[in-house]
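Q: Below are the structure tokens for one structure; questions will follow.
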Amino acid sequence: MVYAIELFFNKELEDEIMTLAKKIADKGLSTKYLEWETRPHVTLACFNDIDENDCKKRLREFADSHNSVKVNFDSVGMFTDTRVIFLPPTMTQSMYLLHEELHRSMSGFDTRGYEWYLPGGWVPHCAIALMSGDEQELFFKASELVLREFKKSEGFFSSVGLVKISFPVEELECEELASTYL
């Protein structure tokens, strides 16, 4: 089984991001993102078979010792090989540190196969369309729609969660970060 630790947004930003994903579905371009029943998020780490109880305990300790972090979305990105449309957060030192500290706190869990989530190689992104099995032309239409509809946005990462990558995604634990960004 594969698990992920994800950063979640304040409600207003989450709703704003979800609106883009719903527009893609409403136009009949792709519903795959919505079918996964996941919340908008930025993945910090992925692990193979973990001790869930130990991971939840570590996650609670991590959340209790870390403040929420401001996040801005100023652009749109795409992984063209997997046909994923995403919003890349504008990177800050706070985000880099949060990511590195999360990996330190979760040391010992198996990350093989998920090296692109490790410090030094992380490409933070918030997916809004998962179109790998869709026709290429639909991917281009969805990309155009997002480019036309996207507006710069800001908010904060308010919580961190442990999910099981299953279909649909199963949220196992969600912890509010220590204090709310002001």
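Q: Report yes if Thr38 is among the hydroxyl-bearing types (Ser, Thr, Tyr), under 24 Å from Lys151 (Cα atoms) and touching a His at 6+ places or on another chain (Cβ under 9 Å), otherwise no.
A: no
Q: Out of all the residues in the range 1-10, is one or more part of a loop (DSSP other than H, G, I, E, B), without any contact (Cβ under 8 Å) to a residue 40 or more places away in the chain and surrounded by fewer than 14 Cβ atoms within 10 Å (Cβ to Cβ)? If you could, list the steps in order and put the result at the bottom.
A: The initial filter retains those residues of the range 1-10 that are part of a loop (DSSP other than H, G, I, E, B), namely 1, 10.
Then drop every residue that is not without any contact (Cβ under 8 Å) to a residue 40 or more places away in the chain, which leaves none.
No, there is no match, as no residue in the range 1-10 is part of a loop (DSSP other than H, G, I, E, B), without any contact (Cβ under 8 Å) to a residue 40 or more places away in the chain and surrounded by fewer than 14 Cβ atoms within 10 Å (Cβ to Cβ).
Q: While we're here: Any residue in the range 44-52 that is surrounded by 14 or more Cβ atoms within 10 Å (Cβ to Cβ), part of a loop (DSSP other than H, G, I, E, B) and of a type in the set (A, V, I, L, M, F, W, C)?
A: Yes, the range 44-52 contains at least one residue that is surrounded by 14 or more Cβ atoms within 10 Å (Cβ to Cβ), part of a loop (DSSP other than H, G, I, E, B) and of a type in the set (A, V, I, L, M, F, W, C).
Q: State which residue pairs qualify: first residue in contact (Cβ under 8 Å) with a residue 60 or more places away in the chain and inside the range 34-54, second residue among the acidic types (Asp, Glu) and part of a loop (DSSP other than H, G, I, E, B) in any location, beta carbons under 7 Å apart, and separation of 6 or more residues or different chains.
A: The qualifying pairs are Phe47/Asp110; Asn48/Asp110; Asp49/Asp110.
Q: Could you please give the count of residues in the range 82-114 that are in a loop (DSSP other than H, G, I, E, B) and of a type in the set (A, V, I, L, M)?
A: 2
Q: Return the residues of the range 11-29 that are part of a loop (DSSP other than H, G, I, E, B) and at negative phi; say none if nothing qualifies.
A: Start the filter on the range 11-29 by keeping residues that are part of a loop (DSSP other than H, G, I, E, B), which leaves 27-29.
Across the range 11-29, the qualifying residues are Lys27, Leu29.
Q: Looking at the structure I just gave you, is Glu154 farther than 23 Å from Thr19 by Cβ and in a strand (DSSP E or B)? Walk me through how you get there before you give the answer.
A: Values: farther than 23 Å from Thr19 by Cβ: no; in a strand (DSSP E or B): yes.
It is false that Glu154 is farther than 23 Å from Thr19 by Cβ and in a strand (DSSP E or B).
Q: Looking at the range 20-32, can you tell me whether even one residue there is at pLDDT 95 or above and of a type in the set (Asp, Glu)?
A: The answer is yes; a qualifying residue exists.
Q: So, Gln93, is that one among the polar types (S, T, N, Q), on the phi < 0 side of the Ramachandran plot, in contact (Cβ under 8 Å) with a residue 40 or more places away in the chain and exposed (fewer than 15 other Cβ atoms within 10 Å of the Cβ) or not?
A: Taking the combined requirement at face value, the residue does not satisfy it.
Q: Quick one: which residue in His125, His99, His66 is closer than 19 Å to Phe157 by Cα and without any contact (Cβ under 8 Å) to a residue 60 or more places away in the chain? Break it down stepwise before answering.
A: Working: His125 fails: without any contact (Cβ under 8 Å) to a residue 60 or more places away in the chain; His66 fails: without any contact (Cβ under 8 Å) to a residue 60 or more places away in the chain.
Step by step, each of His125, His99, His66 is checked, and only His99 is closer than 19 Å to Phe157 by Cα and without any contact (Cβ under 8 Å) to a residue 60 or more places away in the chain.
The values are calculated or read from the model by the stated rules, or taken from the named source; none is laboratory data. Please read these numbers as outputs of a predicted model, since none were measured by experiment. A quick note on method: Cβ atoms are made from the backbone with ideal geometry, for glycine too, and the neighbour counts reach across all protein chains shown.
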